[in-house]
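Just below is one structure, and these are the notes that go with it.
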Amino acid sequence: AGHARLAGAAPGPSLLIGVAMTHTLTRRALTALLLAASGTLALAQAWPNKPVTIIVPFVPGGGTDLGARLMAQKLSTRWGQSVVVDNRGGAGGVVGADAVARAKPDGYTLLVGNVGTQSINPVLYKKLPYDPDKAFAPVSTIAELPFFVLARANLPAANVRELIALAKKEPGKISFGSSGNGGAPHLSAEVFAAMSNTQLLHVPYKGGGAVMTDLIAGHVDLLFASVLESIGHVKAGKMKALAVTTTVRSDSMPEVPTVAESGLPGYESGSWLALLAPAGTPKDLVDKIAADMKTVLADESTRQALIQQGAIPRSSTPAQLQTLIDNDRKRYERIIRDKHISID
């Protein structure tokens with residue numbers, strides 16, 4: 001009976017005050033959320049109102065640098081603001097990536113990364129100055145980068161079969177350069193050597209431009225490098241493209257066979273380019289930049305510029321880019337472990 005009377009009784013003053021306070025707090029919380037959301041949306045709509053910097057974590061001249069400069073040009077036109085490429089080479093891309101990880105998350109400092117910076121370095125380096133899982137906000141892929149198996153112009157091998165025969169005849173004497181120990185070009189060559197049962201001599205450099213110069217000069221015998229950065233030299237006769245590392249031939253030079261079809265079945269390798277922002281960049285702003293990337297990469301002039309340089313234009317959502325990064329990290333983790341590759 002006591003419970004019945006209490007349930008039916010009129011609410012006392014303290015209960016009314018509590019309800020009123022709860023309603024007030026709820027309204028304030030909702031107001032705060034709406035203001036935050038509107039502020040983020042306003043930021044995305046107003047952005048950019050000053051120059052944007054794209055950090056390339058490698059020295060000038062490599063495939064990542066070339067792709068970034070094309071994107072900077074196209075995005076500058078779309079945004080009506082200067083987009084500046086800032087090369088911060090060092091430690092296989094770690095120096096430049098760290099600069100972006102530490103940047104203010106306002107969209108004005110972006111990173112053009114690749115499979116090396118985002119998927120390989122977190123496995124290759126025992127300790128990084130940033131948490132690779134938390135430091136970046138994926139934005140969009142830019143392009144896939146098939147590699148060529150490149151040889152100095154006077155190497156006595158015209159195709160993959162002849163290269164394998166030459167390497168077996170002279171174990172450890174055929175050298176291959178790379179843009180750095182543990183990078184995608186290095187790992188691509190190591191996988192090639194393992195699958196072909198050959199011994200190749202690795203000569204690491206501090207960037208793609210330097211090793212390309214030495215291949216042209218004949219100081220190294222081989223180089224696994226993106227079609228994007230090497231196609232001009234191949235067409236000029238400064239080096240030979242023995243094969244392309246992807247499962248299909250490159251549209252830019254369809255006469256060059258794949259590694260798999262020219263003597264090493266099952267072989268596949270390559271890289272990609274992607275745009276990332278510092279972690280904490282507002283989602284609406286990340287989505288806006290991703291949408292702008294999709295528009296730019298759908299433009300026929302942009303597509304043709306990438307294709308002519310040997311790249312395959314490819315935009316994505318932020319979530320799709322994250323999946324790509326995660327999957328490639330798992331794949332290269334196996335290669336690094338099996339080949340006992342480490343940074344000295």
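Side notes on the structure shown:
- Of the residues Val83, Ala68, Ala298, the one whose Cα sits farthest towards the positive end of the charge dipole of the chain is Val83 (charges of +1 on Lys and Arg Cβ, -1 on Asp and Glu Cβ, taken about the Cα centre).
- Near Arg152: Cβ cut-off under 15 Å, other residues only, Lys/Arg at +1 and Asp/Glu at -1. The net charge is -1.
- Net charge of Cβ neighbours under 15 Å - reference Asn197; Lys, Arg +1; Asp, Glu -1: +1
- Amide H partners (placed H, <5 Å) of Val85, local residues excluded: Ile54
- Angle in degrees between helix 208-217 and the longest Cα principal axis of the chain, rounded to the nearest 10: 10
- Charge-dipole axis of the stretch 109-268 as Lys and Arg at +1 and Asp and Glu at -1 on Cβ define it, positive-most pick from Pro171, Asn181, Phe148: Pro171
- The stretch 271-344, dipole about Cα centre (Lys/Arg Cβ +1, Asp/Glu Cβ -1), debye to the nearest 20: 260
- Accessible surface of the stretch 209-344 [probe 1.4 Å, protein heavy atoms]: carbon and sulfur percent: 50
- Three-way shape label, the stretch 76-123, alpha-carbon gyration tensor, a/c 1.5: prolate
- Rounded to the nearest 10 degrees, the angle from helix 63-79 to the longest Cα principal axis of the chain is 40 degrees.
- In a DSSP loop and with at most 10 other Cβ atoms within 10 Å, the GluC sites (Glu not before Pro) in the stretch 221-310 are Glu255.
- Debye log10 I(q)/I(0) for the stretch 197-344, one point scatterer per Cα, at q = 0.09, 0.12, 0.14, 0.19 Å⁻¹: -0.38, -0.69, -0.92, -1.39
- Prolate/oblate/rounded call for the chain, Cα gyration tensor, a/c under 1.5 rounded: prolate
- The trypsin sites (Lys or Arg not before Pro) of the stretch 68-149 that DSSP puts in a loop, and whose beta carbon has at most 11 other beta carbons within 10 Å, are Lys126, Lys127, Lys134.
- For a straight C-alpha distance cut-off of 18 angstrom, the lysines reachable from Lys288 (same-chain residues fewer than eight places away being disregarded) are Lys50, Lys74, Lys104.
- Working note: Cα atoms of the stretch 176-256, range along each principal axis, descending, whole Å: 28, 27, 18.
- Average 1/r across all pairs of distinct alpha carbons in the stretch 159-222, invert it, and you get the Kirkwood radius: 11.8 Å.
- With Cα atoms, 0 to 90° folded angle of helix 13-46 axis to the chain main axis: 30
- Taking every protein chain into account, the accessible area of the stretch 216-344 amounts to 45 square angstrom per residue (probe 1.4 Å).
- Taking label points 7 Å from Cα along the Cα-to-Cβ direction, Thr317 and Arg334 give a separation of 2.8 nm.
- Anchor Lys238: lysines whose Cα lies under 26 Å away (excluding residues fewer than 8 positions away in-chain): Lys168, Lys169, Lys173, Lys206
The values are calculated or read from the model by the stated rules, or taken from the named source; none is laboratory data. From a predicted model like this one, the values you see are computed outputs, not experimental measurements. FYI the Cβ positions are ideal-geometry reconstructions off the backbone, even for glycines, and counts take in every protein chain you see. For the accessible areas, the whole protein counts, side chains as well, though only heavy atoms, and no ligand, DNA or RNA atoms are used. Shrake-Rupley method; radii C 1.70, N 1.55, O 1.52, S 1.80 Å.
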